[in-house]
Amino acid sequence: MSFRLFDAPLREPSQFVGFAGNRIDRQSENRADDAVEKALADGTARLMLMHAGRLYLKLDDEAFDPWFKADESQAFEVSLGQGVLLGFSEEGPVLAMPAGVEPEKLPETVKAIDYRSVYMQGLVDEAAAGALAQGAALLAWHASHAFCSKCGNRSEMRAGGYRRHCPSCGTDHFPRTDPVAIMLTATREKCLLGRGRHFAPGMYSALAGFIEPGETIEAAVRRETLEEAGIRLGRVVYHASQPWPFPYSLMIGCFGEPLNEDIQADLNELEDCRWFFREEVRTMLDRTHAGGLITPPKGAIAHHLIRAWVDSE
Ligand SMILES: [Zn+2]
């Protein structure tokens, strides 16, 4: 008997985006209320320390090491009670902890580097970047959900950090993941790229927007493309997704087929939006564009959408 559903080898585009290399065994069925305590008592436990959107990294022979032992972490004013258990690696339990020491007060051998730079500059391996996405999202959710949204009283962390419980009204609250649609509108000849007002100089990217309650992914892709660029879409196809810990999103990458050509850009959202032919986009990807225009860097899902289209001839 064959268990194969498809004939072609399975190749998930999501495996190639930044933050996608998480290899932690989450063991979600084993998240007891004392899971963090137990994990910290295990001598093999490894901790990621985070502070205000930055990851602490040990500088070790020119390389960055994001992992701290539990006893090592004491020097960094770690709030053990606010830590979360990410799961288990082959080496042992993996946790993420909020730390209190301000970046300028760290010892010479430890640097606090913002998550975006850690990922853009590839300062840690893919497995660690994946763990960072998981830990950063969870810690950010706890930091902004200390109080019960039903009755307003203080809630408590449970289940290794995967739930908050309100002792006053009994409500349980669960970590959020906010879906964002990111879409490349394209024909065989050209694709639609826009420039946000906060973008790096010369950068153009795929359009993106939050998926709203009651919307399918496809409906959100069509709505955002119409609102931002005045382009109506026919067929919409899912391509890949990316964990995006700013603070706890999931980027959902799609392709869309345009039904009209005339762009009406929403200039509140975008500084510019236009069609680019394939050869020009190839030079933007390769950083050889005559006018210095570029696409987002390799780890970004936008890069993968654009690359997949350019290579799809
Ligand atoms: Zn409550």
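The values are calculated or read from the model by the stated rules, or taken from the named source; none is laboratory data. All values derive from a computational prediction rather than experimental measurement. Cβ coordinates were reconstructed from backbone atoms using ideal geometry, including for glycine residues, and neighbour counts include every protein chain displayed. Calculation scope for accessible area: heavy atoms of the full protein, side chains included, ligands and nucleic acids excluded. Shrake-Rupley method; radii C 1.70, N 1.55, O 1.52, S 1.80 Å.
Restricted to strands (runs of 3 or more DSSP E) entirely inside the range 7-98, those with at least 1 residues that are among the β-branched types (Val, Ile, Thr) and touching a Leu at 6+ places or on another chain (Cβ under 7 Å) are 84-89, 92-98.
Does VAL236 meet the test of being surrounded by 14 or more Cβ atoms within 10 Å (Cβ to Cβ), of a type outside the set (Gly, Ala, Ser), touching a residue at least 24 places away in the same chain (Cβ under 8 Å) and touching an Asp or Glu at 6+ places or on another chain (Cβ under 7 Å)? Steps first, please.
Details: surrounded by 14 or more Cβ atoms within 10 Å (Cβ to Cβ): yes; of a type outside the set (Gly, Ala, Ser): yes; touching a residue at least 24 places away in the same chain (Cβ under 8 Å): yes; touching an Asp or Glu at 6+ places or on another chain (Cβ under 7 Å): yes.
Answer is yes for this residue.
Every condition in (1) surrounded by fewer than 14 Cβ atoms within 10 Å (Cβ to Cβ); (2) under 18 Å from the mean Cα position of the chain (by Cα) is met by ILE113 except one, and the failing one is (1). Residue-level check: of (1) loosely packed, with under 13 Cβ neighbours inside 10 Å; (2) of a type in the set (D, E, K, R); (3) within 16 Å of the ligand (Cβ to nearest atom), ASP71 misses just (3).
Within the range 42-58, can one find any residue that is aliphatic (A, V, I, L, M), over 30 Å from ALA308 (Cβ atoms), in contact with a Ser or Thr (Cβ under 8 Å, 6 or more places away or on another chain) and at pLDDT below 95? Checked the range 42-58: no residue is aliphatic (A, V, I, L, M), over 30 Å from ALA308 (Cβ atoms), in contact with a Ser or Thr (Cβ under 8 Å, 6 or more places away or on another chain) and at pLDDT below 95.
A residue that is more than 23 Å from ILE211 (Cβ to Cβ), among the aromatic types (Phe, Trp, Tyr) and out of contact with any His (no Cβ under 8 Å at 6 or more places or on another chain) occurs nowhere in the range 173-184.
Quick check on ALA240: is it under 19 Å from LEU305 (Cα atoms), of a type in the set (Gly, Ala, Ser) and within 19 Å of the chain's Cα centre (by Cα)? In short, yes.
Filtered by the rule that a residue be surrounded by fewer than 20 Cβ atoms within 10 Å (Cβ to Cβ) and either within 16 Å of the ligand (Cβ to nearest atom) or part of a loop (DSSP other than H, G, I, E, B) (or both), the range 118-141 gives GLN121, GLY122, LEU123, ASP125.
So, in the range 142-153, exactly how many residues are more than 25 Å from PHE68 (Cβ to Cβ) and open to solvent by 10 Å² or more (accessible area, probe 1.4 Å)?
Number satisfying all stated conditions: 7.
Can you say whether GLY230 is more than 16 Å from the ligand (Cβ to nearest atom), crowded, with 17+ Cβ neighbours inside 10 Å and in contact (Cβ under 8 Å) with a residue 12 or more places away in the chain, as far as the supplied structure shows?
Numbers: more than 16 Å from the ligand (Cβ to nearest atom): yes; crowded, with 17+ Cβ neighbours inside 10 Å: no; in contact (Cβ under 8 Å) with a residue 12 or more places away in the chain: yes.
Criteria not met by GLY230.
Among the numbered conditions (1) of a type outside the set (S, T, N, Q); (2) more than 16 Å from the ligand (Cβ to nearest atom); (3) in contact with a Cys (Cβ under 6 Å, 6 or more places away or on another chain), the only one that LYS150 does not meet is (2). Going by what's in this entry, would VAL101 be described as assigned to a loop (DSSP other than H, G, I, E, B), open to solvent by less than 20 Å² (accessible area, probe 1.4 Å), over 26 Å from GLN27 (Cα atoms) and away from the ligand (no atom under 16 Å from the Cβ)? For VAL101, the condition - assigned to a loop (DSSP other than H, G, I, E, B), open to solvent by less than 20 Å² (accessible area, probe 1.4 Å), over 26 Å from GLN27 (Cα atoms) and away from the ligand (no atom under 16 Å from the Cβ) - is met.
Among residues of the range 154-176 being within 14 Å of the ligand (Cβ to nearest atom) and of a type in the set (Lys, Arg), the one that is most open to solvent (accessible area, probe 1.4 Å) is ARG154. Quick one: how many residues across the range 273-291 are within 25 Å of the chain's Cα centre (by Cα) and either farther than 22 Å from HIS239 by Cβ or open to solvent by 80 Å² or more (accessible area, probe 1.4 Å) (or both)? Number satisfying all stated conditions: 1.
Residues that are aliphatic (A, V, I, L, M): list the strands (runs of 3 or more DSSP E) wholly contained in the range 153-246 that include at least 2 such residues. Give the steps one after another, and end with the answer.
On the way: elements: 156-158, 163-165, 178-185, 190-196, 207-210, 233-244.
Those strands (runs of 3 or more DSSP E) span 178-185, 190-196, 207-210, 233-244.
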